1. How large is the charge dipole for the chain, taken about the Cα centre, if only the Cβ atoms of Lys, Arg (+1) and Asp, Glu (-1) carry charge, to the nearest 20 debye?
2. When Lys and Arg each count +1 and Asp and Glu each count -1, what net charge do the other residues less than 13 Å away from F18, Cβ to Cβ, add up to?
3. Taking amide H positions as placed 1.01 Å from N in the peptide plane, with prolines and chain starts having none, which residues 5 or more places from E33, or on another chain, fall under 5 Å of its amide H?
4. Could you list the trypsin sites (Lys or Arg not before Pro) in the stretch 2-79 that lie in coil according to DSSP, counting only those with at most 14 other Cβ atoms within 10 Å of their Cβ?
5. Using a cut-off of 10 Å between beta-carbons, work out the net charge of the residues near T77 (Lys and Arg +1, Asp and Glu -1, T77 not included).
6. Could you pull out the GluC sites (Glu not before Pro) across the stretch 20-98 that fall in loop regions by DSSP (anything but H, G, I, E, B) with no more than 15 other Cβ atoms inside 10 Å?
7. Calculate for the chain the 222 nm mean residue ellipticity that helices alone would give, adding -39,500 (n - 2.57) per DSSP H run of length 4 or more and normalising by residue count, nearest 500 deg cm²/dmol.
8. Using amide H atoms built in the peptide plane, which far-off residues or other-chain residues are under 5 Å from C84 H to H?
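Read-outs: derived from the displayed coordinates by stated rules, not from any lab. Everything numeric in this text was worked out from a predicted model, so none of it was measured. Cβ: placed from backbone, ideal geometry, glycine included. Neighbour counts: every protein chain shown.
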Amino acid sequence: MTELVTRAMFEPHIGSAFAVRLHEYEDVLTLVEVGDLPHGTQHDAREPFTLLFKGASTSILFDQQILALKHPVLGVTEIMLTPCGRDSGGGCFHYEAVFN
């Protein structure tokens with residue numbers, strides 16, 4: 001995807017799965033939230049926002065990096081993801097993307 005990524009692209013897909021693969025590691029990330037960020041200036045190319053994903057795996061942790069996420073409607077989108085937590089009791093990992 002080469003177009004400008006916007007929150008409107010992702011909001012209809014809250015709750016849907018995005019496949020991610022890095023080398024031999026694969027996981028499915030579920031989009032759980034499209035969040036707000038403080039507004040920038042009127043000259044910004046897009047409204048700032050965040051995406052929060054929850055992984056399915058309890059053993060695969062992706063480091064902060066750009067990952068290609070594959071979605072059946074959106075296609076492949078490369079996004080910088082940062083691990084930002086884990087479910088209690090050693091559960092699934094959570095990742096955040098920030099667009100400003």
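1. Details: 6 positive and 13 negative charges, 22 e Å.
Rounded to the nearest 20 debye, it is 100 debye.
2. On the way: positive: R21, K54, K70; negative: E26, D27, E78.
Spelling it out: positives minus negatives among the neighbours equals 0.
3. HN-HN under 5 Å from E33: L52.
4. Numbers: sites: R7, R21, R46, K54, K70; in loops: R46.
Filter output for the stretch 2-79: R46.
5. Working: positive: K70; negative: E3, E78.
Local charge sum for T77: -1.
6. Numbers: sites: E24, E26, E33, E78, E96; in loops: E24.
Qualifying residues, ordered by number: E24.
7. Working: 1 runs with 4 residues, N = 100.
It lands at -500 deg cm²/dmol.
8. H94, Y95, E96
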